[in-house]
Amino acid sequence: MSRVKIAVIPAAGFGTRMLPATKAIPKELLPVVDRPVIDYVASEAIEAGIEHIVFVVSRGKEPIETYFDHQPELEAQLIAAGKTAYLEQVLRPMMNQGRSSFVRQGKALGLGHAIWSARHVVGDQPFAVLLPDVICTGTPGATRRLVELHAETGGCAITVNPVPDGEVHKYGIIRPDSAGPDAHGRVGVTGLVEKPARGTQPSNLAITGRYVLTPDVFDHLETAETGAGGEIQLTDSMVKLIGHGPFHAVVTEDPVYDCGDQLGWLEANLGMARRQPAIWDGLADRGWVTR
Ligand code: UTP
């Protein structure tokens with residue numbers, strides 16, 4: 001079976017829900033504790049064995065490219081000052097030369113259109129998609145689990161998390177097959193619906209922003225029409241793949257932090273801070289949290 005070597009990270013949206021912070025700073029570069037949110041996501045891709053990341057960007061997103069590149073003056077200054085810990089942090093997110101591409105999505109027409117914009121760089125191979133405003137926790141990482149599943153099935157794979165009834169309208173929701181999840185949390189997918197109205201959802205399993213897709217999805221994205229919210233939705237094209245090859249979901253209970261709005265971003269900061277004892281203890285000392 002083919003190995004997934006390339007990932008697409010779509011980062012061309014406006015980040016409207018995080019205005020005014022995102023007026024001048026890409027949403028994907030907002031910090032979660034000590035790192036931009038997209039740094040967690042790119043690291044997850046690398047951990048999964050991805051060799052090349054295609055970032056889909058737009059006007060004003062140039063700082064993302066800068067973040068993953070060298071900063072020779074800064075590096076030289078940190079070396080001269082003996083600030084090796086900072087130097088490591090500056091060098092860590094560096095994408096090795098030739099292992100990243102940046103393509104432009106001229107107009108923010110939707111997630112499906114953003115992925116389609118990467119078609120010439122991806123070519124005719126399976127690829128991962130990671131939404132850069134979503135931090136998936138858990139070991140092994142969500143993308144690694146999908147890459148491993150694809151290696152077994154050769155088909156599409158997505159991660160899903162259970163969400164309360166009151167939140168299904170915010171997500172793409174799967175219809176699982178009647179057999180239900182196996183011992184590894186893997187379940188066949190028989191349908192997908194983007195942002196269903198409460199009470200109409202086929203399950204409470206929400207797509208959490210990690211996908212492995214086969215390249216035939218580009219054929220459907222090519223002719224895609226606008227769907228929910230007037231946008232070209234990735235989900236609408238993924239639906240068309242169901243029944244034409246294996247399509248599975250991995251159910252995970254690991255916390256997923258969607259940093260796309262204020263509450264989610266704040267929750268992400270608390271969730272990730274809890275993993276850093278020095279910071280969590282500091283918050284506890286100041287009475288913000290309990291140990
Ligand atoms: P979101 O809908 O969460 O991001 O899309 P957004 O459009 O930036 O957010 P709001 O609704 O305006 O607040 C998930 C990811 O897909 C990218 C976004 O950059 C985000 O990382 N995206 C979305 C694109 O690259 N292009 C699009 O046309 C839409």
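The values are calculated or read from the model by the stated rules, or taken from the named source; none is laboratory data. As the structure is a computational prediction, the values presented were derived from the model and not from experiment. Counting neighbours? That spans all protein chains shown, and the Cβs are built from the backbone with ideal geometry, glycine included.
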Conditions (1) modelled with pLDDT of 95 or more; (2) farther than 26 Å from GLY227 by Cβ; (3) not aliphatic (A, V, I, L, M); number of the one not met by PRO126: (2)
Only one of GLY271, GLY229 that is closer than 21 Å to ASP133 by Cβ, within 12 Å of the ligand (Cβ to nearest atom) and either of a type outside the set (Phe, Trp, Tyr) or under 20 Å from the mean Cα position of the chain (by Cα) (or both): GLY229
Filter segment 28-39 down to residues that are within 13 Å of the ligand (Cβ to nearest atom) and part of a helix (DSSP H, G or I) and give me whichever is farthest from the chain's Cα centre (by Cα). LEU29
Could you say whether any residue in segment 92-106 is within 24 Å of ILE232 (Cα to Cα) and part of a loop (DSSP other than H, G, I, E, B)? yes
Of all residues in segment 1-27, which are within 22 Å of VAL256 (Cβ to Cβ), part of a loop (DSSP other than H, G, I, E, B) and in contact with a Pro (Cβ under 8 Å, 6 or more places away or on another chain)? VAL4, ALA11, GLY15, PRO26
Scope segment 1-27; condition more than 11 Å from the ligand (Cβ to nearest atom) and of a type in the set (S, T, N, Q); matching residues: SER2
Take ASP281 and tell me if it is touching a strand residue (DSSP E or B) at 6+ places or on another chain (Cβ under 7 Å) and away from the ligand (no atom under 16 Å from the Cβ). no
Looking at segment 232-259, which of the residues that are within 22 Å of ILE38 (Cβ to Cβ) and acidic (Asp, Glu) is nearest to the ligand (Cβ to nearest atom)? ASP258
Could you list, in sequence order, all residues of segment 41-91 that are of a type in the set (S, T, N, Q), more than 22 Å from ASP258 (Cβ to Cβ) and assigned to a loop (DSSP other than H, G, I, E, B)? GLN71
When you go through GLU73, GLU65, GLU88 one by one, which is the residue that is of a type in the set (Asp, Glu), over 20 Å from SER2 (Cα atoms) and either touching a residue at least 12 places away in the same chain (Cβ under 8 Å) or touching a Phe, Trp or Tyr at 6+ places or on another chain (Cβ under 9 Å) (or both)? GLU65
Out of GLY138, GLY123, which single residue is more than 24 Å from PRO31 (Cβ to Cβ) and either away from the ligand (no atom under 16 Å from the Cβ) or touching a helix residue (DSSP H, G or I) at 6+ places or on another chain (Cβ under 8 Å) (or both)? GLY123
Any idea which of ALA42, ALA48 is away from the ligand (no atom under 11 Å from the Cβ) and either within 18 Å of LEU91 (Cα to Cα) or surrounded by fewer than 18 Cβ atoms within 10 Å (Cβ to Cβ) (or both)? ALA42
Against the definition (part of a loop (DSSP other than H, G, I, E, B), modelled with pLDDT under 95, out of contact with any Gly (no Cβ under 8 Å at 6 or more places or on another chain) and within 24 Å of GLY172 (Cα to Cα)), how does GLY138 come out, yes or no? yes
